[in-house]
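Participant: Handing you a structure now.
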Amino acid sequence: MVNDRELLIYLHSLNGVGSRTINKILANLTTLNEILDFQPLELSMKTGIDFKVAEKIVNQLNEKDLLDFLDRLNEWGKLGIDVITFHDQAYPEMLKEIAQPSWVLFTRGDLGLFQTPSISIVGTRNPTPYGRMVAEQLAKDLSEYGWVITSGMARGIDRFAHEGALKSDGKTIAVLGNGIDVIYPKENKKIYEAIIEKGLIVSEYPPGTQPHPGFFPQRNRIISGLTYGTIVVEASLRSGSLITAQYALEQSREVFAVPGPITSKQSFGTNALIKQGAKCIQEVNDILEEFPYLKFSSRKDSKLEVQLSESEEKIYSMIHSQIHINEIIDLLSLTLSEVYEILLSLQLKDKIKQLPGGFYMRKN
C-alpha cells in the first residue's frame, strides 16, 4: 500500500513521533515496511522506543489512516508543496551535516536554492531604525554577490533581511516555525507570496501545523544548518537569534555580529557575541573575506551604481582626508547615534572605511 519513503513522511507527520523515535526505528529495521507487521510490544522491543509511542504508531497504521494520508500527500502536491525526505536527491547537503537534520522537509518555491551558497541574517523582532537599515543593506549587498539570504520570516530583522534580498532582485529562503501553508505573523502575507514566487519557503512541520513557542528554537537549527554562516544584526541578551548563533557554532559555521550602541538593549546580545569571539562586521567585505573558497563576483559595479540618501551624501561630501566622528557631529548638529548609523551605512555601501580612534576616510 505504501512504500518506505511514504511511511517515513507519514511517521514524521504523526503527533508525538519525533526525530529520536524515527532514528531508533530506522536504526533497528531493515525496511520501514516491517512496522506494518508489528504489534505495539513487538515494535517497542525491536526498536527500543517507548511502548506508548509504539502503541500510538501501530494504531495509526491501519488501512484507512494510510489511505487518508496518501490522499493528503496528493493534495499537498496540488497546492505546490514539495515533500523532501532525507534520502531524496533534492535534500540540501548542508543540512545533512548537522547533528539533528529533519527527516522530512516541506517546501514551496525554487528547490534549486538548496544548491546555492546561503548565509543567514537574523535578529530581534523589535529592531531600531539602525537595525532595520543594516539588515536590509547587508541583504542587498550579499545578494549582489550571489548569496541566498536565509532567515525565519519573523517580525523585525528577519523580515527586513528577506525584503532587502527581494528589493535587489536576489534570492531568499524563509524557514518557518509552523506549517508550510500557515502564514505567521499574518502581516507577512505579501512577503510570503513574494518568496514563493522568487525564493523558497521551508518547514519541517506538516501542512496545517499552527505556530507554537517551542517550534521556533527548533527551526533555528535549520536556519543555521542551511547556511555557511549566521549574521546577527540586533539581539537582546535573551533573543532567540542567539540560539541560532549557538547552533551555528555547534555546526562549525561562521558567526558574525553587527556592533551597536552600548546603550541600546537591542545591541546587548550582538555586542556580547563579539566579546565572545564572533566576527565584528562593518561592511560586506568583512563577510566575503571569510569565504575565499567561494568565488563570488558582484552583479554590478557597486561603486558606480550605489545610491546614497541625502544625509549619506552630505556626510560623504565632508570626508576627503581623515575626519573624526566628533567633527562630523559638530558640523551637522546631529546626535552620535544618528551619525554612527549613517557612517555604518556608508561602510556597508563600500564608500568609506573606519580607522582607529574614531576616524573615517573614503575608500579608493
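Participant: Could we say that residue 279 is surrounded by 13 or more Cβ atoms within 10 Å (Cβ to Cβ) and farther than 30 Å from residue 171 by Cβ here?
Facilitator: Working: surrounded by 13 or more Cβ atoms within 10 Å (Cβ to Cβ): yes; farther than 30 Å from residue 171 by Cβ: no.
In short, no.
Participant: In region 167-189, which residue that is of a type in the set (A, V, I, L, M, F, W, C) and in contact (Cβ under 8 Å) with a residue 40 or more places away in the chain is surrounded by the most Cβ atoms within 10 Å (Cβ to Cβ)? Steps first, answer last, please.
Facilitator: Step one: filter region 167-189 for residues of a type in the set (A, V, I, L, M, F, W, C), giving 173-176, 180, 182-183.
With the extra rule that they be in contact (Cβ under 8 Å) with a residue 40 or more places away in the chain, the set shrinks to 173, 175-176, 180.
Values: 173: 30, 175: 27, 176: 26, 180: 26.
Looking at residues that are of a type in the set (A, V, I, L, M, F, W, C) and in contact (Cβ under 8 Å) with a residue 40 or more places away in the chain, I get 173.
Participant: Pick from region 190-223 the residues that are open to solvent by 50 Å² or more (accessible area, probe 1.4 Å) and not in a helix (DSSP H, G or I): which of them is nearest to residue 78 (Cα to Cα)? Step through it out loud before you land on a result.
Facilitator: Here is the first cut: in region 190-223, the ones open to solvent by 50 Å² or more (accessible area, probe 1.4 Å) are 190, 193, 197-198, 210, 212-213, 215, 218.
This time we only want the ones that are not in a helix (DSSP H, G or I), so: 210, 212-213.
Working: 210: 21, 212: 26, 213: 30 Å.
Among them, the one singled out is 210.
Participant: Does any residue in region 297-318 that is modelled with pLDDT under 90 and open to solvent by less than 60 Å² (accessible area, probe 1.4 Å) come within less than 7 Å, Cβ to Cβ, of a residue that is of a type in the set (Phe, Trp, Tyr) and in a helix (DSSP H, G or I) six or more places away or on a different chain, and which pairs are these?
Facilitator: Short answer, once both residue conditions are applied: 308/316.
Participant: Out of 128, 116, report the one residue that is modelled with pLDDT under 95, open to solvent by 10 Å² or more (accessible area, probe 1.4 Å) and either closer than 23 Å to residue 239 by Cα or among the polar types (S, T, N, Q) (or both).
Facilitator: 116
Participant: Just checking, does region 149-157 include any residue being among the β-branched types (Val, Ile, Thr), crowded, with 24+ Cβ neighbours inside 10 Å and either touching a Gly at 6+ places or on another chain (Cβ under 6 Å) or in a loop (DSSP other than H, G, I, E, B) (or both)?
Facilitator: Looking only at region 149-157, we keep the residues that are among the β-branched types (Val, Ile, Thr), and these are 149-150, 157.
Still in the list and also crowded, with 24+ Cβ neighbours inside 10 Å: 149-150, 157.
Among the residues that remain, those that are also either touching a Gly at 6+ places or on another chain (Cβ under 6 Å) or in a loop (DSSP other than H, G, I, E, B) (or both) are: 157.
Yes, some residue in region 149-157 is among the β-branched types (Val, Ile, Thr), crowded, with 24+ Cβ neighbours inside 10 Å and either touching a Gly at 6+ places or on another chain (Cβ under 6 Å) or in a loop (DSSP other than H, G, I, E, B) (or both).
Participant: Could we say that residue 136 is open to solvent by 10 Å² or more (accessible area, probe 1.4 Å), touching a residue at least 40 places away in the same chain (Cβ under 8 Å) and closer than 29 Å to residue 308 by Cα here?
Facilitator: Here the answer is no, as residue 136 does not meet what is asked.
Participant: Keeping to region 142-156, report how many residues are under 22 Å from residue 348 (Cα atoms) and modelled with pLDDT of 95 or more. Quick ask: steps written out before the conclusion?
Facilitator: Initial filter on region 142-156 (under 22 Å from residue 348 (Cα atoms)): 142-151, 156.
Now drop any that are not modelled with pLDDT of 95 or more, which leaves 142-143, 147-151, 156.
Looking only at that region, the number is 8.
Participant: Which one of these is crowded, with 17+ Cβ neighbours inside 10 Å and either out of contact with any helix residue (DSSP H, G or I) (no Cβ under 6 Å at 6 or more places or on another chain) or modelled with pLDDT of 95 or more (or both): 75, 93, 6? Write out each step before concluding.
Facilitator: Details: 75 fails: crowded, with 17+ Cβ neighbours inside 10 Å; 93 fails: crowded, with 17+ Cβ neighbours inside 10 Å.
Checking each option against the conditions leaves just 6.
Participant: Scan region 17-36 for residues that are of a type outside the set (A, V, I, L, M), under 17 Å from residue 105 (Cα atoms) and outside any helix (DSSP H, G or I) and jot them down.
Facilitator: Within region 17-36, just 18 meets the criteria.
Participant: Answer with yes or no whether residue 55 is open to solvent by less than 50 Å² (accessible area, probe 1.4 Å), over 30 Å from residue 139 (Cβ atoms) and charged (D, E, K, R). Even if it seems obvious, please write down each step before you answer.
Facilitator: On the way: open to solvent by less than 50 Å² (accessible area, probe 1.4 Å): no; over 30 Å from residue 139 (Cβ atoms): yes; charged (D, E, K, R): yes.
Criteria not met by residue 55.
Participant: Another question about this same structure. Determine, yes or no, whether residue 103 is surrounded by fewer than 21 Cβ atoms within 10 Å (Cβ to Cβ) and either touching a residue at least 40 places away in the same chain (Cβ under 8 Å) or closer than 18 Å to residue 2 by Cβ (or both). Please lay out each step first, then the result.
Facilitator: Values: surrounded by fewer than 21 Cβ atoms within 10 Å (Cβ to Cβ): yes; either touching a residue at least 40 places away in the same chain (Cβ under 8 Å) or closer than 18 Å to residue 2 by Cβ (or both): yes.
Answer is yes for this residue.
Participant: When you check residue 328 against the structure, is it farther than 30 Å from residue 169 by Cβ, surrounded by 13 or more Cβ atoms within 10 Å (Cβ to Cβ), at pLDDT 80 or above and not small (Gly, Ala, Ser), yes or no?
Facilitator: Numbers: farther than 30 Å from residue 169 by Cβ: yes; surrounded by 13 or more Cβ atoms within 10 Å (Cβ to Cβ): yes; at pLDDT 80 or above: yes; not small (Gly, Ala, Ser): yes.
Considered against the rule, which asks whether it is farther than 30 Å from residue 169 by Cβ, surrounded by 13 or more Cβ atoms within 10 Å (Cβ to Cβ), at pLDDT 80 or above and not small (Gly, Ala, Ser), residue 328 comes out as yes.
The values are calculated or read from the model by the stated rules, or taken from the named source; none is laboratory data. This one's a predicted model, so the numbers in the text were calculated from it and none came from an experiment. We place every Cβ from the backbone using ideal geometry, glycine too, and count neighbours over all the protein chains shown. Just the protein is used for accessible areas: all its heavy atoms, side chains included, with ligands, DNA and RNA removed. Shrake-Rupley method; radii C 1.70, N 1.55, O 1.52, S 1.80 Å.
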